Amino acid sequence: MKFDVVVIGAGAAGLMCAGVAGQRGLRVALLDHSATLAEKIRISGGGRCNFTNLHTKPENFLSANPHFCRSALSRYTPQDFLQLVGQHRIPFHEKHKGQLFCDESSQDIIDMLWAECERGQVQLRQRCTVDEIQKHDGDARQRFTVRTSLGEFNCANLVIATGGLSIPKIGATDFAFKLAQQFGLRVVETRPALVPLTFDPHTWAPFTAISGAALEVEVHTAVGKEKGQFREDLLFTHRGLSGPAILQISSYWQPGHDLSINLLPEMDAAELLLKLKRQSKQTVLNALMSECGALLPRSVATAWLDKVSPSLAESKIADVADKLLRAVGAALNDWRIRPQGSEGYRKAEVTRGGVDTRDIQQQSLEVRTVPGLYFIGEAVDVTGWLGGYNFQWAWASAVTAALAL
Ligand code: FDA
């Protein structure tokens, strides 16, 4: 079978790319090993797909080359995607910080992308396992042969949209990275990102009882030149920490490094404790709760105080030395903890790292050394923050490649 374009991976980026290419008049085949389309879109955003972010900027993405994403992001913007959503009359709403979600279901986005593929007469092949890809020199109309469980596909252009490694149980594979290596491309080391972090059981024992407690914090970490800082909700879990604050910072964190968590970002906790010492006859815990019970859940304050200074919570604040109160206050504003690891690809929303952007052209997503070969979406070393940025990268990189084919 001869095609102008074969797209491998019928997820967010692959569907978008196939639809746009098909509507440009190209003969497109879209192959996927799964039986269902775009499983990650379906489960995204709690079933409502946070499909873009109105405030998308290159600064919301991590990559060994932070400038790489600029070109695609400016070529296809959140407004462009919204226009498509509007044409398909999909109801949506803004949750917060520019995050747009479907009112009803993620399925609306999948149906929209598939309808666009149908308009472009894209030929979809599901349950299709790719066994081998061969490149031929010479005739530019037939540069690649894709050998699959459903036969051979010959094409001029080959687009790899097989995503990253997160959630293998719904079909994630290392296909893109293996293929990159086959063609001599570099791959930036991959690791789980937007993922809950875990602690060694001994460190975490005092906090297992407060699993489920949540509060707004400011969290930051620095690894080399990369610094992450977020003010979001944090959630205690049985094995460690989760919630938007931790998912965001996990993309920056690396083993062997600390997180700094400000449990009371609204105030100088040392000053507060010294003021309470002068005014209050209560225990440290009750005095603290009287001032900031709305910001710091009692269960968290109790477990945390017990961990940093056993029996302090129940001591009368008036009897506690200023030095200790200052130290405890400083630690409330700068709780240093070192995660042991993460929940891994099983729970990660995305993969950091991927096909090295030095080997891909920014204006087209085409591989510099292999004409006709393109990598788009999460397979590329571009990772967005939590909040709709990863889909915006999938759409933008897909359209950029589709217009260059
Ligand atoms: P994607 O993973 O979408 O698609 C890859 C496709 O390739 C799949 O269809 C897969 O079956 C196929 N494939 C893989 N290996 C193959 C092989 N060897 N042969 C053939 N086919 C193969 N982002 C966001 O912006 N907003 C959100 O709300 C969320 N929510 C969210 C929730 C959860 C639970 C997860 C896991 C992830 C998110 N994300 C997100 C991230 C977002 O889903 C992700 O970044 C995009 O789906 C990436 O799009 P791609 O098309 O690159 O890969």
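Among the criteria (1) more than 25 Å from the chain's Cα centre (by Cα); (2) more than 24 Å from Arg27 (Cβ to Cβ), the one Leu197 does not fulfil is (1). Of everything in region 351-366 that is charged (D, E, K, R) and touching a strand residue (DSSP E or B) at 6+ places or on another chain (Cβ under 7 Å), the residue that is surrounded by the most Cβ atoms within 10 Å (Cβ to Cβ) is Arg352.
Considering region 147-258, the qualifying strands (runs of 3 or more DSSP E), each wholly inside and each with 1 or more residues that are within 11 Å of the ligand (Cβ to nearest atom), run over 151-160, 187-193.
From the list Gly98, Gly14, Gly22, the lone residue that is within 8 Å of the ligand (Cβ to nearest atom) and touching a residue at least 24 places away in the same chain (Cβ under 8 Å) is Gly14. Taking first residues from region 34-51 that are farther than 17 Å from Asp103 by Cβ and partners that are more than 6 Å from the ligand (Cβ to nearest atom) and hydroxyl-bearing (Ser, Thr, Tyr), the Cβ contacts under 9 Å between residues at least 6 apart in sequence or on separate chains come to Ala38/Ser106; Ile43/Ser106. Sort out for me the helices (runs of 4 or more DSSP H) sitting completely within region 298-405 that have 2 or more residues that are within 16 Å of the ligand (Cβ to nearest atom) and touching a residue at least 40 places away in the same chain (Cβ under 8 Å). Ranges flagged: 389-404. Name the residues in region 116-139 that are outside any loop (DSSP other than H, G, I, E, B), touching a residue at least 24 places away in the same chain (Cβ under 8 Å) and surrounded by fewer than 13 Cβ atoms within 10 Å (Cβ to Cβ), would you? If the condition is that a residue be outside any loop (DSSP other than H, G, I, E, B), touching a residue at least 24 places away in the same chain (Cβ under 8 Å) and surrounded by fewer than 13 Cβ atoms within 10 Å (Cβ to Cβ), then Arg119 is the only one that fits.
For region 367-384, which residues satisfy the criterion of being touching a Phe, Trp or Tyr at 6+ places or on another chain (Cβ under 9 Å) and surrounded by fewer than 21 Cβ atoms within 10 Å (Cβ to Cβ)? Answer for region 367-384, where residues must be touching a Phe, Trp or Tyr at 6+ places or on another chain (Cβ under 9 Å) and surrounded by fewer than 21 Cβ atoms within 10 Å (Cβ to Cβ): Thr369, Val370, Gly372.
For the residues Glu104, Glu39, the requirement of being surrounded by fewer than 15 Cβ atoms within 10 Å (Cβ to Cβ), within 15 Å of the ligand (Cβ to nearest atom) and not hydroxyl-bearing (Ser, Thr, Tyr) singles out Glu104.
Every number here is computed from the coordinates shown, using simple stated rules; none is lab data. Just so it is clear, the model here is predicted, and its values are computed rather than measured. Heads up, the Cβs are rebuilt from the backbone with ideal geometry, glycines too, and the neighbour counts pull from every protein chain shown.
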